[in-house]
1. Quick one: in segment 24-53, of everything that is within 18 Å of Tyr96 (Cβ to Cβ) and small (Gly, Ala, Ser), which residue is modelled with the lowest pLDDT?
2. Filter segment 46-63 down to the residues that are open to solvent by 20 Å² or more (accessible area, probe 1.4 Å) and outside any loop (DSSP other than H, G, I, E, B) and list them by number.
3. Determine which single condition Lys42 fails, assuming it passes every other condition in (1) of a type in the set (D, E, K, R); (2) surrounded by 11 or more Cβ atoms within 10 Å (Cβ to Cβ); (3) touching a Ser or Thr at 6+ places or on another chain (Cβ under 8 Å).
Amino acid sequence: KNYRSVTDIIVDVQGYYVRPMYALINADGSLHAHSGLTSVTKTGTGGYRLLFPANTNSCTRVVTVGRHKVSEAGSSGFGSAHVVDLPTNPIQVETYNTAGTLADRAFMLEITC
């Protein structure tokens, strides 16, 4: 408390945390949950195109394959993500089974800029 006197306050911000954008997509291409996703389109077996409102060209993209519901089949495998069709920067995600063949899989895409 300050009683009848002048007080100066100095605030020094050492850093801040920017929450990453993410999308949880079911194997059929339907949206489970997201943060910042504009749209998702299933482009074929194991192919999904995701659009975020921000330019994600220089961001880190991590795909984690796995189911989001216990009842969902096809939870093993791996995925990849890359930016396509500049300048709108949609992200093409491809999911594979453990043998390396394109397969519909639920996945999480996390983008950190």
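1. Looking at the filtered set, the residue picked out is Ala27.
2. Arg49, Leu51, Thr60, Arg61, Val62, Val63
3. Here Lys42 meets the rest and fails (3).
The values are calculated or read from the model by the stated rules, or taken from the named source; none is laboratory data. Since this is a predicted model, take the numbers as computed values, not measurements. Cβ coordinates were reconstructed from backbone atoms using ideal geometry, including for glycine residues, and neighbour counts include every protein chain displayed. Keep in mind that these areas ignore ligands, DNA and RNA; they rest on the heavy atoms of the full protein, side chains included. Shrake-Rupley method; radii C 1.70, N 1.55, O 1.52, S 1.80 Å.
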